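Quick notes on the structure that follows.
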Amino acid sequence: MIDARDSGQNAASCVHDLYVDVDGTLIRTDLLYEAAWRYVRTAPWRAFKLIGLAFEGPARLKTFLARKTLFDPTTLPYEQAILELIVQRRRAGNRTVLITASHRKYARHIAEHLNLSDGAYGSSNRLNLKGVAKLRCIQSLSAGRKFVYAGNSAADRPIWAASETEILVNAPSKDVRTASSAGRAGLIVKSRPPIWRAFLREMRLHQWAKNVLVFVPLFTSHSYNNAHLDLLALLAFIAFGLCASGHYFLNDLIDLDSDRTHRSKRNRPLASGDLPILYGPAGAILLPLAGISLSLAMLPLNFTLTLLAYLALTNLYSFHLKSRSTADVFALALLYTVRVVAGGAAVAITLSSWLLAFSIFIFVSLAYLKRYIELRNLADGQIKGRGYAKEDAETIFMLGIANSTAAVVVLAFYISSPEVKILYREPALLWAICLLMLYWGNRTWIGAKRGKINDDPVVFALKDKVSRYVFSAIIIVVLAARLAPS
């Protein structure tokens, strides 16, 4: 938000030159950390090279990364309040200069993109343009004239102190209070949520609903009245949730550029800048480690091995398979199916071939649904970072419907099998599940066709009232068939 007391009119109408910091001020991210990630993401051992350069000084490190990495300035997450301020000052005929601790190559590209012709200055091989060094540069450029400075961090304090008016963007509370009490705050921007809240959003706790699949073997074997097995399944659910959340951090780091051009994914914490980029690798490493540690301490070895296989597949998907058509869908389906397999491993229940076959078909259908929704929302061309084009939508629709129907056929064969007569007192009741699954699958695909599903299928299923009714009805039917009086 923008502080109501300082709407930006003072800063916009001020005739003094405006000097704008880039990282954390004009844009809601830090280009040094983003450049470092881009350099090491396909070759992690390169981190040792960066560590060595860091000991030589930040200027050398920034210059090296500027030579090795590029940014598309059109996709960066800009701070809207500062963009509006720059536009207002340009209309008033005032000068706006970019001055940043990031490398000058990046500063010039951003200035060119924003049509700022008054100058763009940044770090070089010999100078780290930060703090006092940045102040000296501004004083030299302003030639003793008063100036306005927009910054965001403690490193900007000497510049704010020397400026005529301070513009504070997500700045420390101490600096905001000092500037406000002195009447020097021209504009206060508070657009970034607390770190803990952004971190939890990046974990996508609502997606933990997928991990309910670990309870499927417990439910289908009707072992849910065993408290010990219930506890093991719950621990498996948490372990999988931590590992899955770590994967979301990694996946969003890899997809930063494509997410920033996406209609809704641009609002994800890492892509939008709500969560500083440094927290990305931390979450991608620490959360899976926590999940594996929990598994090693509390769960059977077979579950831990399955969890490690899941992590290996998620990395294979993120780095290679997600850009390959069909292979990506099968990888997603396997990631769902592995959750079911892990649930069996956690409670030492052998899965039936019927359950595995049903899982594969239904999850292939859901994976195709995810891609179909993305294509349906695509205006034209190809999904960035994926192996699909707009013309593939109809083919994907037919494949998705076919796999959904195949899953129901497998379920029908299972209901007719001898095993069902042993597990259920009234197996005939289970035929209602076939009708419910057919109804839900067809309704979902028709909804996607009509553009009524604009998000992840799992999110849709959680929010959709009819879907919740259908899944509740399925549980009731299973229990009725199991517990009906003979």
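Which of (1) of a type in the set (V, I, T); (2) out of contact with any Asp or Glu (no Cβ under 6 Å at 6 or more places or on another chain); (3) in contact (Cβ under 8 Å) with a residue 12 or more places away in the chain; (4) open to solvent by less than 60 Å² (accessible area, probe 1.4 Å) does V40 not meet, given it meets every other one?
(3)
Exactly one condition in (1) at pLDDT below 95; (2) not in a loop (DSSP other than H, G, I, E, B) is false for R126; which is it?
(2)
Out of the range 210-234, which residues are out of contact with any Phe, Trp or Tyr (no Cβ under 9 Å at 6 or more places or on another chain) and farther than 19 Å from F358 by Cα?
Once the filter is applied, which keeps residues that are out of contact with any Phe, Trp or Tyr (no Cβ under 9 Å at 6 or more places or on another chain) and farther than 19 Å from F358 by Cα, the range 210-234 yields S223, N225, N226, A227, H228, L229, L231.
Take the residues in the range 185-223 that are small (G, A, S) and more than 21 Å from V20 (Cβ to Cβ); name whichever of them is surrounded by the most Cβ atoms within 10 Å (Cβ to Cβ).
Of the range 185-223, the ones small (G, A, S) are 185-186, 191, 198, 209, 221, 223.
Restricting the remaining residues to those that are more than 21 Å from V20 (Cβ to Cβ) gives 198, 209, 221, 223.
Details: A198: 20, A209: 14, S221: 18, S223: 16.
Step by step, filter the range 185-223, then rank; the result is A198.
Kindly establish whether S264 is hydroxyl-bearing (S, T, Y) and surrounded by 16 or more Cβ atoms within 10 Å (Cβ to Cβ). I'd like the intermediate steps shown before the answer.
Working: hydroxyl-bearing (S, T, Y): yes; surrounded by 16 or more Cβ atoms within 10 Å (Cβ to Cβ): no.
Here the answer is no, as S264 does not meet what is asked.
For V341, state whether it is open to solvent by 40 Å² or more (accessible area, probe 1.4 Å), modelled with pLDDT of 90 or more and under 24 Å from P288 (Cβ atoms). Don't jump to the end; show me each part of the working.
Details: open to solvent by 40 Å² or more (accessible area, probe 1.4 Å): yes; modelled with pLDDT of 90 or more: yes; under 24 Å from P288 (Cβ atoms): yes.
Yes: the conditions hold for V341.
Return yes or no: is I373 among the β-branched types (V, I, T), at pLDDT 90 or above, closer than 30 Å to H262 by Cα and part of a helix (DSSP H, G or I)?
Numbers: among the β-branched types (V, I, T): yes; at pLDDT 90 or above: no; closer than 30 Å to H262 by Cα: yes; part of a helix (DSSP H, G or I): yes.
Spelling it out, it is not the case that I373 is among the β-branched types (V, I, T), at pLDDT 90 or above, closer than 30 Å to H262 by Cα and part of a helix (DSSP H, G or I).
Name the pairs whose Cβ atoms lie under 7 Å apart, with the first residue in the range 303-325 and under 15 Å from A239 (Cβ atoms), the second open to solvent by 60 Å² or more (accessible area, probe 1.4 Å) and of a type in the set (A, V, I, L, M), and 6 or more positions between them or separate chains?
T304/L296
Yes/no per residue for (1) open to solvent by 70 Å² or more (accessible area, probe 1.4 Å); (2) under 16 Å from L369 (Cβ atoms):
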{"residue": "M398", "(1), (2)": "yes, yes"}
{"residue": "T405", "(1), (2)": "no, yes"}
{"residue": "W431", "(1), (2)": "yes, no"}
{"residue": "G451", "(1), (2)": "no, yes"}
{"residue": "R468", "(1), (2)": "yes, no"}
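Scan the range 68-83 for residues that are among the aliphatic types (A, V, I, L, M) and in a helix (DSSP H, G or I) and jot them down. Show your work before the answer.
Start the filter on the range 68-83 by keeping residues that are among the aliphatic types (A, V, I, L, M), which leaves 70, 76, 81-83.
Scanning the range 68-83 gives A81, I82, L83.
Quick check on the range 349-369. Is at least one of its residues modelled with pLDDT under 90, open to solvent by less than 20 Å² (accessible area, probe 1.4 Å) and aromatic (F, W, Y)?
Checked against the condition, which is being modelled with pLDDT under 90, open to solvent by less than 20 Å² (accessible area, probe 1.4 Å) and aromatic (F, W, Y), the range 349-369 yields no hits at all.
Considering I195, I159, I167, I188, which residue is under 30 Å from E56 (Cα atoms), among the β-branched types (V, I, T) and in contact (Cβ under 8 Å) with a residue 12 or more places away in the chain?
Numbers: I195 fails: under 30 Å from E56 (Cα atoms); I167 fails: under 30 Å from E56 (Cα atoms); I188 fails: under 30 Å from E56 (Cα atoms).
So the residue among I195, I159, I167, I188 that is under 30 Å from E56 (Cα atoms), among the β-branched types (V, I, T) and in contact (Cβ under 8 Å) with a residue 12 or more places away in the chain is I159.
Within the range 131-155, track down each residue that is open to solvent by 20 Å² or more (accessible area, probe 1.4 Å) and among the β-branched types (V, I, T). Before you say what the answer is, go through the steps one by one.
Quick first cut of the range 131-155, residues open to solvent by 20 Å² or more (accessible area, probe 1.4 Å) only: 132-133, 135-137, 139-141, 143-146, 152-155.
V132 - this is the single residue of the range 131-155 that is open to solvent by 20 Å² or more (accessible area, probe 1.4 Å) and among the β-branched types (V, I, T).
Of everything in the range 212-252, what is farther than 23 Å from L305 by Cα and either β-branched (V, I, T) or in contact with a Lys or Arg (Cβ under 7 Å, 6 or more places away or on another chain) (or both)? Give them in sequence order.
Scanning the range 212-252 gives H222, D252.
Can you go through I285, I277 and tell me which one is open to solvent by 40 Å² or more (accessible area, probe 1.4 Å), within 23 Å of the chain's Cα centre (by Cα) and touching a residue at least 12 places away in the same chain (Cβ under 8 Å)? Before the answer, list the steps.
On the way: I277 fails: open to solvent by 40 Å² or more (accessible area, probe 1.4 Å).
On inspection, the qualifying residue turns out to be I285.
I'd like to check which helices (runs of 4 or more DSSP H) are fully inside the range 155-228 and have at least 1 residues that are within 18 Å of the chain's Cα centre (by Cα).
Counting at least 1 such residues, we get 195-203.
Among the residues that make up the range 57-67, is at least one of them part of a loop (DSSP other than H, G, I, E, B), out of contact with any Cys (no Cβ under 8 Å at 6 or more places or on another chain), closer than 30 Å to R145 by Cβ and open to solvent by 30 Å² or more (accessible area, probe 1.4 Å)? Break it down into steps so the answer makes sense when it comes.
As a first pass, look at the range 57-67 and keep what is part of a loop (DSSP other than H, G, I, E, B): 57.
Filter again for out of contact with any Cys (no Cβ under 8 Å at 6 or more places or on another chain), leaving 57.
Retained after the next criterion (residues that are closer than 30 Å to R145 by Cβ): none.
No, every residue in the range 57-67 fails to be part of a loop (DSSP other than H, G, I, E, B), out of contact with any Cys (no Cβ under 8 Å at 6 or more places or on another chain), closer than 30 Å to R145 by Cβ and open to solvent by 30 Å² or more (accessible area, probe 1.4 Å).
Please verify whether I86 is in contact with a strand residue (DSSP E or B) (Cβ under 6 Å, 6 or more places away or on another chain) and either assigned to a helix (DSSP H, G or I) or of a type in the set (D, E) (or both), treating the condition exactly as stated.
Numbers: in contact with a strand residue (DSSP E or B) (Cβ under 6 Å, 6 or more places away or on another chain): yes; either assigned to a helix (DSSP H, G or I) or of a type in the set (D, E) (or both): yes.
Judged against the criteria, I86 is a match.
Taking the range 156-184 as the search range and keeping residues that are closer than 16 Å to T29 by Cα and aliphatic (A, V, I, L, M), which one is most open to solvent (accessible area, probe 1.4 Å)?
Across the range 156-184, the extreme among qualifying residues is A171.
Given the structure, is E34 under 19 Å from the mean Cα position of the chain (by Cα) and at pLDDT below 95?
Working: under 19 Å from the mean Cα position of the chain (by Cα): yes; at pLDDT below 95: yes.
When the stated conditions are applied, E34 passes them.
Do any helices (runs of 4 or more DSSP H) lying entirely in the range 414-486 carry at least 3 residues that are at pLDDT 90 or above, and which ones are they?
Numbers: elements: 418-423, 431-449, 457-463, 465-483.
The helices (runs of 4 or more DSSP H) meeting that bar are 431-449, 465-483.
In the range 126-156, which residues are in contact with a helix residue (DSSP H, G or I) (Cβ under 9 Å, 6 or more places away or on another chain), free of Cβ contacts under 8 Å to residues at least 40 places away in the same chain and among the aliphatic types (A, V, I, L, M)?
L129, V132, L135, A154
The values are calculated or read from the model by the stated rules, or taken from the named source; none is laboratory data. Keep in mind it's a predicted model, so treat the numbers as computed, not measured. As a convention, Cβ positions derive from the backbone with ideal geometry for all residues, glycine included, and neighbour counts pool all protein chains shown. The protein model used for the area step is the full one, side chains on, heavy atoms only, and it has no ligands, DNA or RNA in it. Shrake-Rupley method; radii C 1.70, N 1.55, O 1.52, S 1.80 Å.
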